[in-house]
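Values in this text are rule-based calculations from the coordinates and carry no lab data. In this text, all values refer to a predicted model and were calculated from it rather than measured experimentally. FYI the Cβ positions are ideal-geometry reconstructions off the backbone, even for glycines, and counts take in every protein chain you see.
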Ligand code: UDX
C-alpha cells in the first residue's frame, strides 16, 4: 500500500480481532490490546476462539510478517499509534441503553498515553453523541474522535471487512477523516464522509432496518398461514422489485444475535430519552416477541398431552430456575423471561413431553449463542414444562449455563430418540440431509416443526414425517 499506518486496536472480540487482522493484511502495523491475558496468550500462539472463516490464517500470517502484535498492556499498545480503534463491548445495559463502561474506562486509561495528534476511532456501536463524549473524557484538544461503525456479519466478518458495501466515517475534522479513510484505501469501497452523529445514527439505523425487515416477514408469514398462501413465493415476488430486494426476508424463529437486539433496544432508549417518537421501533421489537410466542403456542397446541392439562408451568416453579428469567424483566424476546404477558401458563402444558431441538446458535455458521432466538424459543417451551434435548453442530461440549434449560447431545439421533416432536431452530444446511427415515423411526410422533423453512417438505413426507414450516401452506403437511 501507498502509506502504511501504525494502528492500535483496543479489544479483540469479533470486531476488534477482525479489524486488527484485516488491517494488518492490508499492510498496516497493528498492535491489538486485550485486558484478558489468556486470550492474548492464545492469540500470540495463533489460536482464535471464535468461529470465523479465514481469521485464524490472517492472525497467523500477520504475526509471521511482523504486521500484527498482541499485548495485554492497553497503555503500551497506543505508543506511536497514528490511529487508535476502540472495539470494545457495548452490551445492553439497564433499561436497554448501551452500557459504555468499557469505553469510558479505556478512555480514562489511555488519556495521557495517546501520542500527540493521533486519531481515536469508535468502531463499537455506540449511542449518538458518544464521539463527543469520548473527546470530552480524553480532554485532549490535539486528538480528534472519529466514528467509523462496522457492518460485519458474524461468520462473514473477514469477507465483509475486505469487501465492504460502504465505509462510513463521521468526523468533525477533515484531516482526521482522511487519515481513517486512508487506512481502507486498498479496499476501493464507497466512502460516506459525514459528521459523527450521522455516522453513529447510520449504524443503529442499519441494524434497526434489518430487524424491521425480519419482523415484517415474520408477520407476513402469519398472514400467509391464515390464507393458506406460501410466504416463500410472496417474498420471491417482492424480491424482484429492486426497491425491496430479496435479502433478509427469510421467516424464522425471530431475530437475534449479538447486534440486532442490542442495537434496536439501544436506539429505542436513545429515542425515548431524547423525546423522539419512532413507533416502528417498539413495533419491531414487540413483533419479534409475539412471533416467538405464536410459534410456541403452535407446538403446545399439538404436543400438549391433552386439552385442559393443568396450567402449572410458571417461571420459577420448574425444577431449576430458567437461566435469564427474571420476574418483572422488561419484555424482550431475548431476556429469557416470559415476554408475552402469558406468565408462561396460558393454554396447555408440555409437562411430560420431550422435544428434540435441532440448532441452538443464533444463526448457522457461528458457535455464538448470544441472544439466540433458538434459546428464546427453548425457554418458552421449558416454561411450559417440556423436557428439551438439543443438538447443534457447533456445540459439542456440555454447557453448565444451559443445564437447567436443556440437555445438549452430540448427534441428531440422540436428540430425537423418544422425543414427541422435532423443532428446527437454526438453519444449519446439514440438517437438510439428515436420515429423516431414521428420525421418523425414533420420534414417538412423526412431526417436524421447521421454524427456518429449511427442509424439503416432500422429502420429509416420503420419510413419513409431518412437516410444519412458517408461513407456508399447512396443507403441505402430509
Ligand atoms: C448483524 C448485521 O447483519 C451486521 O451488518 C451488523 O454489523 C451486526 O449485526 P449478525 O449479528 O452477524 O449481523 O447477524 P445476521 O446475519 O444479520 O442475522 C441476525 C438474525 O436475523 C439472526 O438471528 C438470523 O438468523 C436472522 N435472520 C437473518 C432471519 O431470520 N432471516 C433472514 O432472512 C436473515
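Per-structure values
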read-out: Relative contact order, percent, the stretch 388-478 [alpha-carbon distance under 8 Å, six or more residues apart]; value: 22
read-out: Inverse of mean 1/r across different Cα pairs in the chain, Kirkwood, Å; value: 23.9
read-out: Per-pair calculated FRET efficiency, R0 = 25 Å: residue 189 and residue 64 via Cβ, rounded to 0.05; value: 0.40
read-out: Relative contact order %, the stretch 85-177, counting alpha carbon pairs below 8 Å whose residues are six or more apart; value: 25
read-out: Förster radius 22 Å - calculated FRET efficiency between residue 430 and residue 247, Cβ distance, rounded to 0.05; value: 0.45
read-out: Relative packing of 110-116, 412-418, 248-254, which averages over residues the other C-beta atoms within 10 Å, highest first; value: 248-254, 412-418, 110-116
read-out: Gyration tensor (alpha-carbon) shape descriptor, the stretch 6-194, a/c threshold 1.5; value: rounded
read-out: Antiparallel DSSP beta bridges within the chain, percent to nearest 5; value: 5
read-out: Helix 101-110 vs. the chain, principal-axis angle (Cα, 0 to 90°, nearest 10); value: 20
read-out: 0 to 90° range, to nearest 10: angle between helix 55-65 axis and the chain longest Cα axis; value: 20
read-out: With Cα atoms, 0 to 90° folded angle of helix 373-383 axis to the chain main axis; value: 40
read-out: Efficiency of FRET from Cβ geometry, residue 410 and residue 205, R₀ 35 Å, rounded to 0.05; value: 0.25
